[in-house]
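Below is one structure, written out as C-alpha cells; the observations come after it.
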Amino acid sequence: MTTSPDAHELWPAVERIYRREVRLLQRADYLEWLSFFAPEFRYRAPVVRSTDARADMVALDGELAYYDEDRTTMELRAKKLASSRAWTEVPPPRLRYFVQLLDISSADSAVVAISNILVFRTCHESQENVFYGERIDRFVDVDGQLKIAERTVVLDRVRLAAENLTVFL
C-alpha cells in the first residue's frame, strides 16, 4: 500500500488511538476499550497454517479463526473478563502491548492502518505467553471520531503455546 498525503495527516491521530488503546488493554479495562470500535465492527484472528504457498497460510474469511467476533460477542467477552466468573484470569495476568504502526492508507472514506504487534502475558509465577504478528485495522468516521470498523490479527505462530486465549490482540 502506498501512503497518500491525506493518510500521512492521519498518522498522529491513529498513533494516539493506539497509545490510549494500549493503556486500557494493559489495565484490563475491556468495557472502556470497546469504545474504540464502531457500532458495527468485526474482530478477527484467523488461524495460520504451514503451507508451501504464502497465499495459503492464513485461513480465509469463513474458515477457522481464533477470534471472529462482532460487538455482541465482544461485549459478552469483556463483561465476563470484568466479572469474577473468568477463572482463567485469577489471579489477573500482567500484560504488555507493543504496537508499531507501519503504514496508513485511505480509500472509500476509510483509513487502513497496518501494524506489527507484540503482546506479553504473564500469570502466576511462571506462566508466560508471547503473541506477535500483523494487525490490520480499518477505521471509519463515526460522529467526527475515527473508530475501528474491522480488525484482523494475523499471528506469526502456527501453533499457539498459550493455555488459553483470553487476551485481546
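The values are calculated or read from the model by the stated rules, or taken from the named source; none is laboratory data. Quantities reported herein were computed from a predicted structural model and do not represent experimental measurements. Glycine gets a Cβ as well: all are built from the backbone with ideal geometry, and neighbour counts include every protein chain shown.
Counting only residues that are touching a Leu at 6+ places or on another chain (Cβ under 7 Å) and modelled with pLDDT of 90 or more, how many does the stretch 12-61 have?
10
Can we say A86 is closer than 18 Å to L31 by Cα, modelled with pLDDT under 95 and surrounded by 18 or more Cβ atoms within 10 Å (Cβ to Cβ)?
Working: closer than 18 Å to L31 by Cα: yes; modelled with pLDDT under 95: yes; surrounded by 18 or more Cβ atoms within 10 Å (Cβ to Cβ): no.
It is false that A86 is closer than 18 Å to L31 by Cα, modelled with pLDDT under 95 and surrounded by 18 or more Cβ atoms within 10 Å (Cβ to Cβ).
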